[in-house]
Structure formats: structure tokens, C-alpha cells
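The next block holds one structure in the form of C-alpha cells; read it before the comments.
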Amino acid sequence: MSGAEEQMQQLRSKATELLLREEWRDSIQLYSELIDLCQSQILNTHQHSDPDHLSKLHKSLCVAFSNRAEARSKLQHFTQALNDCDQALQIEATHFRTLICKGKILLCLNRYFNALNCFKAALFDPQGNGNLDIVNGYLEKCKKLEFQSRTGSFDLSDWVLNGFRGKPLELAEYIGPVKVNRSEISGRGLFATKNIDAGTLVLVTKAIAIERGILGGQDSAENAQLVMWKNFIDKVKEAVTRCQRTQLLIDMLSTGENEAGLEVPDMSIFRPEIEENGCSNDQKLDMDKILSILDVNSLVEEAVSAKVLGKNSDFYGVGLWILVSFINHSCNPNARRLHVGDYVIVHASRDVKAGEEITFMYFDALSPLEKRVEMSLSWGFNCRCSRCKFEEAVCSKQELREIEIGIEKGVDVGGAVYRLEEGMKRWAVRGKGKGYLRASFWAAYAEVYGSDRSMKRWGRRIPAMEAVVDSVIEVMGSDERLLKVVVEGLKKSGGVVEFERAMKLGRGFYGKVIRKQALRTLLEIGINDKGY
């Protein structure tokens, strides 16, 4: 055995040992040395025309590239790993382990169609005969995710009915009928490109990074949040460092300055199957810019527009979801989001027209104008949505302010609601205007509808709960507090109409990703209580 062959054998043995011990970085270093040595030997062997020895060298090189790809994929250096896979497949086009490795990487990058082709090719390698179950499992997974990504056909019902047990659901990335455009609200926003019904999916996307923890009392909670924020920043920094595409996506987000001068990105950049994902990035990180971007664009899972499903509902979480960051605030929002594992599912909470901007509420919009103004200023902006403009004109009326002060001082809420309804008649407030004002005083309405005593006194003098709920939904979309009142009313009175109203409101709140039986469970409507 020559000195070079002995050196290659030692490198191969040590690198494989490190790989099995999951010491990824050290194994990558040794596989890199082995690859250089193999390539050098191949050049020398070409000169001596030794086909058998050359074949063995090529086989060793193929395995070395394949194993280095596996180690790099474990570190999530995906583009480098894909390059290694391609180098191995140039040597042996149906190399089983390489095809499986490449397919798994493409799955991680949400490139489902390409991953599917890799797993199909793996079936043709004789080495795969003993692993057909594994390959078929990946094939089925790819088909499911590719179908979800293409059609938006997600169904969380079984997971909900199973009490959120088992592993967190793995979802496909999905972009519905939306695009980024200039916004009259602020900078850039996300807009519907066609009519979207309430409950319909807008997008599904996985976090670039997320950090969760359990908060204690007030003092410990503040400390815990600071620690979580630091850990979150470190995770974003790591994601940016190992992936140039991630850095490019994050760089597109606003720092809170020069909103009008920011570029409007084409939607293709957000589609993982279009862009090459992840690569090493030697460019120096601008951490000050990244910190400003995170300060403006990070989302918390406990936000008023969000609902957390599954085991992470017990945690406080903060994360960054790129496309969701383009969604602006409005006090008459039309979208909500569900948090499932590391994914955010955004759906329409009321009907949305083509060309309409998709909006969340960043703070509690079921509040009077004055409180909303305070909250918007704490967020660093002054909301100028259609509802705020309308209420600014109406709220100049002294009587409306007196009603608000009276509620704050604890007057009979039934009387306050009655006075508001009578005032709207005198002020000729109609249509959406009624929904706006009822939303602003929703807490008073909910208290009245939830009290048998108040309803006995005021029930015939104020609108029925159903009429008020419908008018608020029209301008606010579905909300958990509206749901609670409707469901409590259903439990008291029953009836098919009331049940359908609860289910419709539930679909607007949870989205159409949850079917009827699972929705009943979430709404705590007994399946057999009323025979529905």
C-alpha cells in the first residue's frame, strides 16, 4: 500500500468515526482533507492509466462528498451540503445515501418537488432495496407537503381532536393570493390579489428564528423576557451567518426609517423553490441594522391578533416570520394568525376584496378611540385607518365621551349601551359606523349580554346580541371575545341558527384549516348537547 493510500485510509476511518460520534465540524475538516487527497490521486492516476485504481478512487471520492454533505446538513449549511451532493452524484448518479441526503435537505428548504424527484431516483438504486419503507415514507411526506404548498389544503382537525398530542405538525410553506405593494397605512403592505372569503388561508410560513420560555411574576418575567430576547437575537444572527438568502430576506425588512424609499419585492423571492437556499456568507453582519429590524418586525405569540395551538400555548414566544412582517396594523383588521409549532398560519377573519390590504390589529382594537390612540403611540405610530377617522368625527360629540366616562366610573352598563344606541340614531350613524362604535364599546355590550339581570332590564330596549355581533364582525372580523359571547348564548338558548352563527364566527377566528367537529371541540360546544 502506498503512503498516499495509507493516508487516505486513515483519514477515511477517522472522519467516519467522527461522523458517527456526531462531531460534525471535525468530520467536515477530515473529509475535506480526504477529498483533496482523492482528487490529487485521481489526477495522478489519469496519467498512469490505471482504470481499476481510478474506479476505487472515484468511489471513495463519492462517499467522501456524500458524508461531508451529511455533516454539513446537520449544521444547516445547506447550500454547501447540496454542492457536495451534486459532486457525489456527478460520480454516481443514483448513489442511494446521497440521494436521500439531498432529498432531506431539499425538504428542509421547502423545495418539495425537487425533493420528491430525489426520493424517486433513490428507488432505482439497488442499495435502496432494504430501505424501501424509509424511501416510501419520504415520498409520501413530499407528496403531502407539495400538495399543501400548491393548493393551500391544510387540515389540522385530527391533531386538534387528538388533544394536540404527538410531534408538532410539519406544515408546508404556502403563499396564497397576495403580493407586497406600497401601503397608504405605512411603507409597504401585503395585499389580496383576488377576493378572499372569511377563514380562507392567506399564507403559511415557518419562523426564521423563534425563542420561547415560561414567564413568572412581574420582576422575573421582565428578566426572563430580556434573556429570551438575547437568545432570540443570537438565533437570528446564527441563521443569517449560515445563509445568505436569509440575510437578503431580512435586509428587505424595515428598520422603521425611510419607509417610502424601501423597495417593493417581487413575490418570487419568497418562494423557496425559486431561489437557491442557504449558503456561506462572508459579508460582515450589520448587527445594528439587524437589531433595528428585529425591534420593528418581531412578533410575539401572545398578540391580540394571534392564537397559539398545541404545546407551545403554555409559553411566551417571540419570533421572526419574514412575509408576515409586511402586514400592517388596522383598527378594522381583516386577518388573524394561528401559531402552530414554529409556523404561522395567516387567514382572513372576514371577507376581503381584491386589492384590499391584509391587516392585523397590533393592539386591542375592541377599545374606545382614546385608548387606541394611546396604544398606537406606544407602538410608534398614529393610526389613520378608516375607523379611526370616522370615530374622530363622531367622538367630538360630548355625549359619546360622557358615555365612556360613565362606563369607566361603573355606571349601569345596560344604560350606557342603551344611551349609545339611541345616540347613534340621533347622529344618523349607519352601516359600518354602527359596527365601529359597537366595537369600541364591546366590553359593555358583552357585560350586558352575559348578565341575566341586565338582559331582563334592558334586553327589549337594546339590539339583539346577534345583530350587534354581526355588525362588529363586519368591520373587525372574528374575535375570541365575540366567540365567547355567542357560544355562551348558544349554550343557554340553543337552536340551529345560533349554532351556525357560532361555527361561522369560529371559522373566521380559527380559519378553514379546522373542520366542523374539531371546531366544536375548540369552541367547547358539546357535540351531543343539542343534537348538532
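The values are calculated or read from the model by the stated rules, or taken from the named source; none is laboratory data. As the structure is a computational prediction, the values presented were derived from the model and not from experiment. Virtual Cβ from ideal backbone geometry, glycine too; neighbours counted across all protein chains shown. We work out accessible area using only protein heavy atoms, side chains counted, and drop any ligands, DNA or RNA first. Shrake-Rupley method; radii C 1.70, N 1.55, O 1.52, S 1.80 Å.
Side notes on the structure shown:
- In the chain, helices alone account for a calculated mean residue ellipticity at 222 nm of -17500 deg cm²/dmol, with every DSSP H run of four or more residues adding -39,500 (n - 2.57).
- Accessible surface ranking for 72, 461, 1.4 angstrom probe, highest first: 461, 72.
- Across 371/491; 179/237; 371/409, pairs whose alpha-carbon gap is larger than 23 Å: 371/491; 179/237
- At q = 0.14, 0.20, 0.23 Å⁻¹ the log10 of I(q)/I(0) for region 416-459 amounts to -0.33, -0.64, -0.80, computed by Debye summation with a single uniform scatterer per C-alpha, solvent ignored.
- Solvent accessible area, Å² - residue 486, 1.4 Å probe, full protein context: 10
- Accessible surface, 1.4 Å probe, highest first, among residues 266, 364, 158: 158, 266, 364
- Near residue 176, the amide H atoms lying under 5 Å from its own belong to 203, 204; only residues 5 or more places off or on other chains count, and H is placed 1.01 Å from N.
- Residue 182-residue 461 FRET efficiency (beta carbon distance; Förster radius 51 Å; 0.05 resolution): 0.60
- Signed unit charges on C-beta, dipole axis of region 1-117, positive-most listed residue 54, 107, 24: 107
- The slack between residue 83 and residue 453, meaning 0.36 nm per residue of separation minus the straight C-alpha distance, is 126.0 nm.
- Karplus (6.51, -1.76, 1.60) ³J(HN,Hα), θ = phi - 60°, over region 199-210, in Hz, Gly and Pro reported as x: x, 6, 4, 9, 6, 10, 8, 9, 5, 5, 7, 8
- Amide H contacts of residue 362 (H built 1.01 Å from N, in plane; Pro and chain starts excluded): 330 sit under 5 Å, all sequence-distant by 5 or more or on other chains.
- Between residue 188 and 183, the built amide H atoms are under 5 Å apart, and every one of these is 5 or more places off in sequence or on another chain.
- The phi torsions of region 107-117, fed into the Karplus equation with coefficients 6.51, -1.76 and 1.60 and a -60° offset, translate into couplings of 4, 4, 8, 6, 9, 5, 5, 5, 4, 4, 5 Hz, rounded to whole numbers, with Gly and Pro shown as x.
- Its relative contact order, with pairs defined as Cα atoms under 8 Å and 6+ residues apart, puts region 154-268 at 25 percent.
- Exposure rank, largest accessible area first [293, 407; 1.4 Å]: 407, 293
- Antiparallel bridge percentage (DSSP; both residues within the chain; nearest 5): 80
- Solvent-accessible area, 1.4 Å probe, carbon plus sulfur percent, for the chain: 49
- Pairs of alpha carbons in region 398-507 separated by more than 24 Å make up 21% of all such pairs.
- Only protein heavy atoms count here; under a 1.4 Å probe, residue 388 has an accessible surface of about 10 Å².
- Phi to ³J(HN,Hα) by Karplus 6.51 cos²θ - 1.76 cosθ + 1.60 over region 59-72, Hz, x for Gly, Pro: 5, 4, 5, 4, 5, 5, 4, 5, 6, 5, 4, 4, 5, 5
- Structure-derived mean projected area of the Cα convex hull in nm² - corresponding label in (1) 25.5; (2) 21.9; (3) 30.5: (3)
- Label zone at residue 379 (point 7 Å along Cα-to-Cβ), backbone N below 16 Å, region 296-320: 296-307
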